[in-house]
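Peer 1: One structure follows; several queries about it will come next.
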Amino acid sequence: MDMEIPYTVEPRPDTGLTNPKLGIWLFLASEVMLFGGLFSSYVLLRSGADYWPNQADIVNIPLATLNTAVLISSSVTMVMAWASLKMNDFAKYKLYMGLTFLAGVGFLVIKTIEYNEKFSHDFYPSTNNFIGIYFLLTGLHAIHVIGGMVVNGFLWGPGAKMWKTAPEQFVNRVEVAGLYWHFVDLVWIFLFPVLYLL
Amino acid sequence: MDHVSTAEHPAVHDGSHEHAHHEQSFLRKWVFSVDHKIIGIQYTVTSLLFLLLGFTLMMIMRWQLAHPGVPVPLIGGLMGIANAPGGIILPEFYNQLGAMHGTIMVFLGVVPLAVGGFGNYVTPLMIGAPDMAFPRLNMASYWSYFIGGVIMLASFLVPGGAANSGWTSYVPLANIATMGQTVWLCGMLFLIFSSLFGAVNFIVTIVQLRAPGLTWSRLPFFVWTQLVTSFLLLLAFPPLQAAAMLQFMDRVFGTNFFMPSGLVVSGQIVEGAGGGNPLLWQHLFWFLAHPEVYVLILPALGIVAEILANNTRKPLWGYRLMVGSLIFLGFMSFVVWAHHMFMTGMGTSISAFFQTTTMIISVPSVVILSALFLSLHGGSIRFNTPMLFALAFLPMFGIGGLTGLPLGLSAADIPLHDTYYVIGHFHYVVAPGTIFALFAGIYYWYPKATGRMMNEVLGKIHFVGSFIAINVVFMPMFIQGLAGVNRRLWDGGAEYAHAQDVLHWNLTMSQGAWALGFFQIFFIINFFLSMKTGKKVDSNPWQATTIDWTDTTSPPLAHGNFTKVPVVYRDAYQYSVPGAKADFIPQTAEEE
């Protein structure tokens, strides 16, 4: 008899966790260190620079505010998607997960408009260190958004078949994807004031 | 394959035959395997090859140091006209060898062997788990490591050769280096992914998949070291990833994160450079690389602890103290990084902080080492090959650690830091320290993985030869370093007046290195020969107490390791318990 790996669906009694949930929290801890390293770099670069541009002259605050709203809404729909599954309403789940995915698309479209605006003003990473780290931080964040959309798109489309075969595991997957998505949102909540408002 | 020889667990056969005899294709079984044992072996073999390669680079460097400007014999013609015209190593090529020796040994050799190899193979067996928590992630971890390794090797072929700014890739030197540096950064990206996948997997496995009854205080010390190591990998590597991204931006997109204003290269002011901070790289790099030192040493301590307890036939002295020290060590390793940077002029108050934390972190290291020494006291020691390597580890790591103390004090560090003293110090920690422990581990767990013992005679020749040779290589480095001979010199210091009195050691050290290489041949022969001719063993040839030996076959079952879930009733090291029938009691033996 093959031994199954335990606690993939049911939580382990003494830790109260499933394997994927502990895994995603650890992964997010690692992500905190990654973005933490970059935010620290931003602080050190800015505080040590003999010239730092006025950030507000370069960035587009209205567009970024709109993007903040889009991303926060998508976190709300993500929770709704998970809650719908918990309440056994698969159709609602499809709706909210679809909306979450579309919000991701919207975020990237707005980001592209923002980037194009930078290029049209001849703002490139090499222009100065603020624009360099602006592109690095927002670009890395956008890659994280794309990663989350791939997962969300899978759970909305082909991955949703699992609802029929292993509903409990499917709810866990949506929850884990949600934790990641909220983290991506949270990173933006830090990025927005640091790059756009300060 | 089908029977488990321990008395407590009569084999359970319900339906196992269909699966056990289910033929897997070669690709699925050996290449894209999701079985932790196969992945462990993949890691072990790959990392041993990288260790051999990194060692070969070093032997080429040692020729240049012993005979500066003399053509390299035998392989001189193979290194390429751009690197070694007429077999004579150019300084630029020497720098490539140096940078890649360090990179390969640390990131592609020792860590993958200690964590990817031993961690993967042994940890699930030791905690009674059927596999790692995320088997496919485990496979992704190995292949990410493999791709990273291939990229690193390929960097020798790009114009200008491999990375040549040292394994630390200090900026701004690395920013203006040849293309190999960009390739190095790409390779590091894959290695960082690999270690992230591995770290998450190990922590979840150890926290979630411990067998019933295997409480934290019953956990073998080896598993504790893997757990703490994984936390270090998880949290320390991302800042290096951040640093690598910043350097990548500098090199490819022309940003100036690490380029200071007024940078002069070869007498020319660099156009467009300015506003950046070279020290930032060092902070981010050492924020990884200091915990990385503990990533190198902790699994070694775990291996040595298992082998010492087994071969002294005694419980470890101060198990709880050791675990406490280990956890404290893990925490402290995040706040000592800038002791690598005393020479940068970052300021005396920062130096004072970091030398204080450095002195503090030496305490738990000494506690663990002392506990291991005390564990020997009163034991009836079996001097087999794994035990010899484990015993040699103790004083060697001791020398490495104690010579580090002067480097932790900023005043003493300044004259010593850029000399061979530092090279001697950390090689004592990593080479006769960690690598000896890894050899001990290979000799110890080889029978578990293959079902056969390694040859003891060849093993002892390997041990005695390596032990003498490796000290001949590294001990004179302290002499040269105290005399002020700088490290990373292409000619080994030949053009410096103050180095003349100690220059003759270069030849001695090089001969030691070649002798060390010679004695590894005994290991390589033993490793392959014993697979066919080694003495066959039952499940527990060392009469050990931990689950990896007591409840599995040798080699363990391909699907899920165990026929039924082991249940743990005891501490990890119940050796020589008064009144017991045998001199060891398995962790899974029920209380009477």
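Only the coordinates and a few stated rules stand behind these numbers; no lab work does. Just so it is clear, the model here is predicted, and its values are computed rather than measured. Cβ placement follows ideal geometry from the backbone for every residue including glycine, while neighbour counts extend to all protein chains displayed.
Peer 1: Determine, from the Cβ-Cβ distance of A:I72 and B:K460 and an R0 of 51 Å, the FRET efficiency 1/(1 + (r/R0)^6), rounded to the nearest 0.05.
Peer 2: The value I calculate is 0.15.
Peer 1: For a label point 7 Å from the Cα of A:L28 along Cα→C-beta, name the residues of segment A:175-198 whose backbone N is under 17 Å from it.
Peer 2: Within reach of a label on A:L28, which here means backbone N under 17 Å from a point 7 Å along Cα→Cβ, segment A:175-198 contributes A:175-191.
Peer 1: So between B:L74 and B:I479, what do we pick up on full extension, going 0.36 nm a residue minus the alpha carbon distance?
Peer 2: Additional length available on full extension: 142.7 nm.
Peer 1: Take the Cβ-Cβ distance between B:A82 and B:V363 as r, set R0 to 56 Å, and report the resulting FRET efficiency rounded to the nearest 0.05.
Peer 2: Efficiency computed from Cβ-Cβ geometry: 0.65.
Peer 1: List the equivalent ellipsoid semi-axes of segment B:39-183 in whole Å, largest first, each obtained as the square root of 5λ for an eigenvalue λ of the Cα gyration tensor.
Peer 2: 34, 17, 12
Peer 1: Would you work out the relative contact order for segment B:238-310, in percent, from Cα pairs under 8 angstrom that are 6 or more residues apart?
Peer 2: 29 percent
Peer 1: Here's another thing I want to ask about it. Per residue of segment B:414-421, what does 6.51 cos²θ - 1.76 cosθ + 1.60 with θ = phi - 60° give for ³J(HN,Hα)? Whole Hz please, x for Gly and Pro, Karplus curve as stated.
Peer 2: Per-residue couplings from phi come out as 4, x, 8, 4, 9, 10, 5, 4 Hz.
Peer 1: Treat chain B as a sphere of radius equal to its Kirkwood radius over Cα pairs and apply Stokes-Einstein at 25 °C in a medium of 0.890 mPa s; give the translational diffusion coefficient in µm²/s, rounded to a whole number. Can you show the working numbers first?
Peer 2: On the way: Rh = 25.0 Å.
Rounded, D is 98 µm²/s.
Peer 1: Sorted from fewest to most neighbouring beta carbons within 10 Å, what does the list A:D50, A:D185, A:D14 look like?
Peer 2: In order of increasing Cβ crowding within 10 Å: A:D50, A:D14, A:D185.
Peer 1: Sticking with this structure for a sec: What FRET efficiency comes out for B:D491 versus A:V43 if R0 is 35 angstrom and r is the Cβ-Cβ distance? Round to the nearest 0.05. All intermediate terms of the calculation are to be shown ahead of the outcome.
Peer 2: Numbers: r = 43 Å, r/R0 = 1.22.
That pair, B:D491 with A:V43, gives E of 0.25.
Peer 1: If you don't mind, there's one more thing I want to ask. One quarter of the convex hull surface, Cα atoms only: what value does that give for segment A:1-134 in nm²? Could the numbers behind the result be given before it?
Peer 2: Details: hull surface 52.7 nm².
The number I arrive at for segment A:1-134 is 13.2 nm².
Peer 1: B:Y496: net charge of surrounding residues, Cβ under 15 Å, Lys/Arg +1, Asp/Glu -1, itself excluded?
Peer 2: Its environment carries a net charge of -2.
Peer 1: A further question on this structure: Rounded, prolate or oblate for segment A:109-154? Axes are the square roots of the Cα gyration tensor eigenvalues, ordered a ≥ b ≥ c, and the cut-off for rounded is a/c under 1.5.
Peer 2: Taking the square roots of the gyration eigenvalues as a ≥ b ≥ c, segment A:109-154 is oblate.
Peer 1: Over all directions, what mean area does the Cα convex hull of segment B:317-400 project, stated in square nanometres?
Peer 2: Mean projected area of the Cα convex hull: 6.7 nm².
Peer 1: So what is the calculated 222 nm ellipticity per residue for chain B, using -39500 (n - 2.57) for each DSSP H run with n of 4 or more, over all residues, to the nearest 500 deg cm²/dmol? Don't skip to the answer; put the middle values down first.
Peer 2: Details: 17 runs with 327 residues, N = 592.
So the calculated ellipticity at 222 nm is -19000 deg cm²/dmol.
Peer 1: Using per-residue counts of other Cβ atoms within 10 Å, averaged over each peptide, order B:536-546, B:85-95, B:171-181 from highest down.
Peer 2: So the peptides B:536-546, B:85-95, B:171-181, ranked by packing, come out B:171-181, B:536-546, B:85-95.
Peer 1: For the protein assembly as shown, what mean projected area does the convex hull of the alpha carbons give, in nm²? Display every interim value, and only then the final one.
Peer 2: On the way: hull surface 142.5 nm².
So the Cα hull casts an average projection of 35.6 nm².
Peer 1: May I ask you to list the residues of segment B:310-325 whose amide nitrogen lies under 17 Å from a point 7 Å from Cα along the Cα→beta-carbon direction of B:T215?
Peer 2: Within reach of a label on B:T215, which here means backbone N under 17 Å from a point 7 Å along Cα→Cβ, segment B:310-325 contributes B:319-321, B:323-324.
Peer 1: Neighbouring Cβ atoms within 10 Å as the yardstick, rank A:I143, B:I461 fewest first.
Peer 2: Fewest-to-most ranking of A:I143, B:I461: A:I143, B:I461.
Peer 1: Relative to the longest principal axis of the C-alpha atoms of chain B, give the angle of the C-alpha long axis of helix B:36-66, reported between 0 and 90° and rounded to the nearest 10°.
Peer 2: Long axis of B:36-66 versus the principal axis of chain B: about 30 degrees.
Peer 1: Shifting gears a bit: What does the charge dipole of the protein assembly as shown about its Cα centre add up to, to the nearest 20 debye, if the Cβ of each Lys and Arg holds +1 and the Cβ of each Asp and Glu holds -1?
Peer 2: 720 debye
Peer 1: Helix B:180-208 against the longest principal axis of chain B: what's the angle in degrees, Cα atoms only, rounded to the nearest 10?
Peer 2: 30 degrees
Peer 1: Just to be sure I understand the model, the point goes 7 Å from the Cα along the line to the Cβ. What's the resulting B:L27 to B:A412 distance in nm?
Peer 2: Simple spin-label model gives 5.8 nm for this pair.
Peer 1: In degrees from 0 to 90, rounded to the nearest 10, what is the angle of the helix B:348-376 Cα long axis to the longest principal axis of chain B?
Peer 2: Between the helix axis and the principal axis of chain B, the angle is about 30 degrees.
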